[in-house]
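Every read-out reported here was derived from the displayed coordinates using simple, explicitly stated rules and does not represent laboratory data. Remember, it's a predicted structure, so these values are computed and weren't measured experimentally.
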Amino acid sequence: MKDSHDHQREVAAQIARRAGAIAECDFHGELYDNDCAEEAYKLGNKLFDSEFRGVFRSRREMTDAIKDVIDDAAWECGSCDRNFND
């Protein structure tokens, strides 16, 4: 069973994807950063009351989770980079 932190992280990743702040490599599934975190924060705050209040206790908790997900994403897919450089 997933704990609440894991669930919050999954939701934060969904917010970041929907906003275009992170993307998933079509070939390898790795997440990479699209350098637009502000869009994810705006989307999360816009939808906090309608979609995310039950997941996060506060807007701050949500934006911190979004930041963590974006910070953990690479700048590019490492697998694509390795294949390109071989």
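Below are the figures for this structure:
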{"read-out": "Enclosed volume per residue, in Å³, of the convex hull spanned by Cα atoms of segment 1-71", "value": "87 Å³"}
{"read-out": "Net length gained if the chain between ALA74 and SER58 were fully extended (0.36 nm per residue, minus Cα distance)", "value": "3.1 nm"}
